Amino acid sequence: MANNKIRNFCIVAHIDHGKSTLADRILEKTETVAVRDMEDQLLDNMDIERERGITIKARAVRLKYTAKDGEDYIFNLIDTPGHVDFNYEVSRSLVACEGAILVVDASQGIEAQTLANTYLAIENDLEIVPVVNKIDLPSADPERVCNEVENVIGIPAMDAPRISAKMGTNIEEVLEKIVTDIPAPVGDTDKPLKALIFDSYYDSYKGVIIYVRVKEGTVKVGDNIRLMATGAVFTVVEAGFMNATSLVNNGSLEAGEVGYISASIKSIGDTQVGDTVTNNDFPCDEPLEGYRKVNPMVFSGIYPADGAKYGDLREALEKLQLNDASLSFEPETSVALGFGFRCGFLGLLHMEIIQERLEREYNLDLITTAPSVIYKVTMTNGEVQYIDNPTNYPDPALIQTAEEPMVKASILSPSDYVGNIMELCQDRRGIFKDMKYLDDTRVELHYELPLNEIVYDFFDVLKSRTKGYASFDYEMLGYTPSKLVKLDILLNGDIVDALSFIIHTDKAYARARKIAEKLKENIPRQLFEVPIQAAIGGKIIARETVKAMRKDVLAKCYGGDITRKKKLLEKQKEGKKRMRQLGTVEVPQEAFMSVLKLDS
Amino acid sequence: MNTLGIYIHVPFCGKKCSYCDFYSVCYNKMQADCYCEAVLRNIRHYADKNTLVDTVYFGGGTPTLLTAEQITAFIDEIRKCFNLSEDAEITIEANPNTLKPEKLYNLRKSGINRLSIGVQSMNNDELKFLGRTHTSERAGKAVNDAIDAGFENISCDLMIALPNQSADSLAYSINTLTDMQIQHISAYILKIEENTPFNCKKILDIMPDDDKTADLYLQMTDMLNKKGFLQYEVSNFSKAGFESRHNCRYWKCLDYIGIGTSAHSCYKGKRFAVEPDLQAFINSPVQPVVITDDSPCGFEEFAMLRLRLAEGLNLNDVELHRKSIEKKIPPLIKAGYIKYNGENISLTEKGFVMSNSVIEYIIFS
């Protein structure tokens, strides 16, 4: 098919504005999926996505559409996540497209992620097709929302399709807009192959499957391809496109097309998302620009609850990383938790999702340490260190200046909640920048906030203080000097490395007390009393005690049935295997987790 | 000469108590007669004239539902089949309601010289709650009648940590019991077992918590000590010289044979148990047993049992484990759980209430 009949596009939106539902309707209308095979959120095939009703992974699918001009078109639709943590997924997908459908909720209007994702699309020179969704809701006000899009984003929107993806209303208008407004891809099929890897995953039968956007040239089954960054060479086994539910081996892919390549790639390390694929025999001169590397912002230690599963955890992380290039990890050791990994995430939701995927998809039981950001520490001798693990925080006497990362946060909310939001940001050491009204009732606030104040629970608290109406987005601003201290937690007099963290001096006392209380709640009474202390340097700033258990006796006669008593002791011993033994203290997994959620 | 204890289980009860999860069936004369026949058969099966039987124990169920004649027949059969020691301790468990003066007289005459009476409490509200059919007055009379019948070694069961049990009501039970001429008290903490009527939310909700239970237990130990009843095991207290010799066999890894449904044995290097099936026991020529342990009294078991005794564990007896145990002694002493004199570890009163954890800490971790 000629390039001018191809349309590569993605759908961007704020979370919950109906991206995945619109994708479902488009699949139906183009009869890509038989109605009987249709299920909600079809492209979100991870359980965790369906349960949470969100998209985590971007996905690509090829559709066929016969337009009103009588011509057949090929659509390559890429569904993308909406949450701030998954921006990198969005930006990766954008490079494979010429256009983006911008879905805006007809009652909620523009939200923080609407803006963030739209700006990403504009940066990538994508044609934006605004669509107003959820017009079936009683509170829908498409007129106002279209105005908002024109005023805030500055793109024409008065003729934007007004649809209800849920009810299937006006979906055709969207399909026609894709044909008329989104440009066809350009690219010469005769030039040497140049294709961008925008995603990959591991299939246990076929090895690594890479998703590509072919920019120039052609790739066919049997070709020798080279992955330019690593130099690895493979022979193409399959080349084709993605159906809604399966891969279709088409034998070849041409410039302008989006599809997949399978080439018996066994090693996960050979494929890098953002790398360029070329033909080994007729290589192109230089690779495509690729992606800027996404930098993890939040770090935490992940340990197997059962130390023997360390190898399984490593394997699982390797496989997940293939599917999620933003995940980084390296081995670390903790006195308390044994062998594990320090993992880097894009944000807290990302961290939660990764943990959950590890537990579900790889059947692992995990212990996670408190999330930390990267602190920049300048030593008295001039040396600069970046600290992502509180355990490695240097002796304060050797520190000249300590700096923490700041973000520029943008919060959109109905104006009624401005007071609550300001109070929250104030409490999180935020610096107010400005506030502007988007219309009569909605405002956009800008704050500078320390990243470490938002990695714990900021978004949850923001939601609860605004009855769920506020939306939030942030971008990194750089480092700023700060009064930081390392807070240590001691059990029975010994520091538990996995519980140490770095915190602003002003927050240390309150946090220390809270952590001590949480631990007290979550460490069961045991044979010996357990003193819990929080300390900065050598100074104890909070203390709690788990009193010793007082009764644990089997005072009952069993007519010479000794086995029963013995079994009881053995069972008791078995039960304790789930606990971490720190000196004489037994600490259950839940205790480590409890300090992560201090406000619940 | 080898010594041996014989336990005879009598699974019949007039009424099952709400907290009890032992195997028992409703009393029926025909069945009881057949059961006694089977017991006699089994006594003959294990017969060994070269073995000195120095303790016999009739447990239940309610063994006193059997007639004194039936009990006499058992003791006579044991005397015929074994070398029954002149000063053997011969105990029978009894429900106060079954102890009429004449029955007591005949039991004494049959050779029974120790009574273990299921008093449980001297507080009528508590007895009613437990589903016991006797009153405190009836229990008191049974004890006095037993003394009149010539019993000089009487033990009473006492149950603590009952719902709503106050320090005062426990003190009342202990004072009333110890004011009588009894020599031994077995004190149990009420434990809700899975397949009993007590295992329901209504009861579980009103059970005393661990702290309250510990308080009651320590109150009891203290009171009994002051009355001259010394703690010699986690749940057992006696005047000097009146420790239960039969029960001590269990804790010292000495041989005992159990005869009857669900009876347990430790005999000739094996532990075995009879299945809880009345008909199978009655119909089998020899009681059907399952081996539960074919090398009993290893270190863990030996140490566990010894530590339940007030005399404690002598480290010379567990030389191999001495080093690893000695390391654990200081924190245990500091916490007040044990006493240690350089070779013997024994639990303190505080240690007894925590015995599961303390013993587990010593022998496993």
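The values are calculated or read from the model by the stated rules, or taken from the named source; none is laboratory data. Keep in mind that this is a model prediction, so the values were computed, not measured. Cβ atoms come from the backbone with ideal geometry, glycine included; neighbour counts cover every protein chain shown. These area figures cover heavy atoms from the full protein model, side chains too; ligands, DNA and RNA do not enter into them. Shrake-Rupley method; radii C 1.70, N 1.55, O 1.52, S 1.80 Å.
When you scan segment B:232-240, do you find a residue that is touching a helix residue (DSSP H, G or I) at 6+ places or on another chain (Cβ under 6 Å), farther than 22 Å from B:Ile189 by Cα and free of Cβ contacts under 8 Å to residues at least 24 places away in the same chain, even just one?
Initially, segment B:232-240 is screened for residues touching a helix residue (DSSP H, G or I) at 6+ places or on another chain (Cβ under 6 Å), giving B:234, B:237.
Right, trim to farther than 22 Å from B:Ile189 by Cα and you get none.
Looking through segment B:232-240, none of the residues is touching a helix residue (DSSP H, G or I) at 6+ places or on another chain (Cβ under 6 Å), farther than 22 Å from B:Ile189 by Cα and free of Cβ contacts under 8 Å to residues at least 24 places away in the same chain.
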Taking only pairs six or more apart or across chains, which ones have beta-carbon atoms under 6 Å, a first residue in segment A:325-350 that is within 16 Å of A:Leu366 (Cα to Cα), and a second residue that is open to solvent by 30 Å² or more (accessible area, probe 1.4 Å) and of a type in the set (Phe, Trp, Tyr)? A:Thr333/A:Phe339; A:Phe339/A:Tyr310; A:Phe341/A:Phe329; A:Cys343/A:Phe329
Residue under evaluation B:Asp179, criteria (1) over 21 Å from B:Glu152 (Cα atoms); (2) surrounded by fewer than 13 Cβ atoms within 10 Å (Cβ to Cβ), criterion not met: (1)
Which ones in segment A:526-575 are under 25 Å from B:Arg249 (Cα atoms) and in contact with a Phe, Trp or Tyr (Cβ under 6 Å, 6 or more places away or on another chain)? A:Ala555, A:Lys556, A:Gly560, A:Arg564
Only one of these conditions is not met by B:Ser169: (1) hydroxyl-bearing (Ser, Thr, Tyr); (2) farther than 23 Å from B:Phe22 by Cα; (3) within 14 Å of chain A (Cβ to nearest Cβ). Which number is it? (3)
Restricting to segment A:174-195, give me the number of residues that are out of contact with any Ser or Thr (no Cβ under 9 Å at 6 or more places or on another chain) and either β-branched (Val, Ile, Thr) or assigned to a strand (DSSP E or B) (or both). 6
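Modelled with pLDDT under 85, within 17 Å of the chain's Cα centre (by Cα) and closer than 27 Å to A:Leu94 by Cα: does that describe A:Gly347?
Against the criterion (modelled with pLDDT under 85, within 17 Å of the chain's Cα centre (by Cα) and closer than 27 Å to A:Leu94 by Cα), A:Gly347 qualifies.
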Matching residues in segment A:104-162 (surrounded by 15 or more Cβ atoms within 10 Å (Cβ to Cβ), more than 26 Å from the chain's Cα centre (by Cα) and hydroxyl-bearing (Ser, Thr, Tyr)) number 1
Surrounded by fewer than 14 Cβ atoms within 10 Å (Cβ to Cβ), within 12 Å of another protein chain (Cβ to nearest Cβ) and under 24 Å from A:Thr563 (Cα atoms): is that true of B:Val353 in this structure? no
Does segment A:231-239 contain at least one residue that is out of contact with any helix residue (DSSP H, G or I) (no Cβ under 7 Å at 6 or more places or on another chain) and closer than 16 Å to A:Ala60 by Cα? yes
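Matching residues to (1) in the same structural domain as B:Met354 (by TED's automatic domain parsing); (2) part of a helix (DSSP H, G or I); (3) more than 18 Å from the chain's Cα centre (by Cα):
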residue: B:Glu194; (1), (2), (3): no, no, yes
residue: B:Thr221; (1), (2), (3): no, yes, no
residue: B:Tyr232; (1), (2), (3): no, no, no
residue: B:Phe242; (1), (2), (3): no, no, no
Those residues of segment A:499-515 which are under 10 Å from A:Leu487 (Cα atoms) and without any contact (Cβ under 8 Å) to a residue 60 or more places away in the chain, in sequence order: A:Ile503, A:Thr505, A:Ala508, A:Tyr509, A:Ala512
Return the total of residues in segment A:211-227 being open to solvent by less than 50 Å² (accessible area, probe 1.4 Å), on the phi < 0 side of the Ramachandran plot and assigned to a loop (DSSP other than H, G, I, E, B). 1
Can you spot a residue in segment A:229-237 that is over 30 Å from A:Tyr65 (Cα atoms), open to solvent by 20 Å² or more (accessible area, probe 1.4 Å), in a strand (DSSP E or B) and of a type in the set (Val, Ile, Thr)? yes
In segment B:328-338, which residues are within 7 Å of chain A (Cβ to nearest Cβ) and in a helix (DSSP H, G or I)? B:Pro331
Taking the condition of being free of Cβ contacts under 8 Å to residues at least 24 places away in the same chain and open to solvent by 70 Å² or more (accessible area, probe 1.4 Å), how many residues in segment B:17-36 meet it? 3
Within the bounds of segment B:204-212, is there any residue that is out of contact with any helix residue (DSSP H, G or I) (no Cβ under 9 Å at 6 or more places or on another chain), outside any helix (DSSP H, G or I) and either open to solvent by less than 20 Å² (accessible area, probe 1.4 Å) or in contact (Cβ under 8 Å) with a residue 40 or more places away in the chain (or both)? yes
May I ask you to say which residue of A:Ile155, A:Ile128, A:Ile101 is farther than 18 Å from A:Asp16 by Cα, at pLDDT 85 or above and not in a loop (DSSP other than H, G, I, E, B)? A:Ile128
Kindly indicate whether any position in segment A:251-266 is open to solvent by 20 Å² or more (accessible area, probe 1.4 Å), more than 23 Å from A:Lys319 (Cβ to Cβ), part of a strand (DSSP E or B) and not hydroxyl-bearing (Ser, Thr, Tyr). yes
If only one of B:Asp54, B:Asp87 is of a type outside the set (Val, Ile, Thr), away from chain A (no Cβ under 14 Å), in contact with a strand residue (DSSP E or B) (Cβ under 6 Å, 6 or more places away or on another chain) and under 14 Å from B:Asn113 (Cβ atoms), which one is it? B:Asp54
With the condition kept exactly as written, say whether any residue in segment A:297-313 is polar (S, T, N, Q) and farther than 30 Å from A:Glu216 by Cβ. yes
Return the residues of segment B:44-61 that are modelled with pLDDT under 95 and either touching a Lys or Arg at 6+ places or on another chain (Cβ under 6 Å) or outside any strand (DSSP E or B) (or both); say none if nothing qualifies. B:Gly61
Does A:Glu448 qualify as being touching a Lys or Arg at 6+ places or on another chain (Cβ under 9 Å), closer than 30 Å to A:Val104 by Cβ, surrounded by fewer than 18 Cβ atoms within 10 Å (Cβ to Cβ) and modelled with pLDDT of 90 or more? yes
Evaluate segment B:339-349: report whether one residue or more is within 13 Å of chain A (Cβ to nearest Cβ), part of a strand (DSSP E or B), surrounded by 15 or more Cβ atoms within 10 Å (Cβ to Cβ) and among the hydrophobic types (A, V, I, L, M, F, W, C). yes
Filtered residue count, segment B:244-268, keeping only those that are over 23 Å from A:Val553 (Cβ atoms), within 10 Å of chain A (Cβ to nearest Cβ) and part of a strand (DSSP E or B): 4
Just one of the numbered conditions (1) among the β-branched types (Val, Ile, Thr); (2) modelled with pLDDT of 95 or more; (3) open to solvent by 30 Å² or more (accessible area, probe 1.4 Å) is not true of B:Val10; which one? (3)
Qualifying positions in segment B:270-293 - over 15 Å from B:Tyr256 (Cα atoms) and touching a strand residue (DSSP E or B) at 6+ places or on another chain (Cβ under 8 Å): B:Glu275, B:Leu278, B:Phe281, B:Gln287, B:Pro288, B:Val290
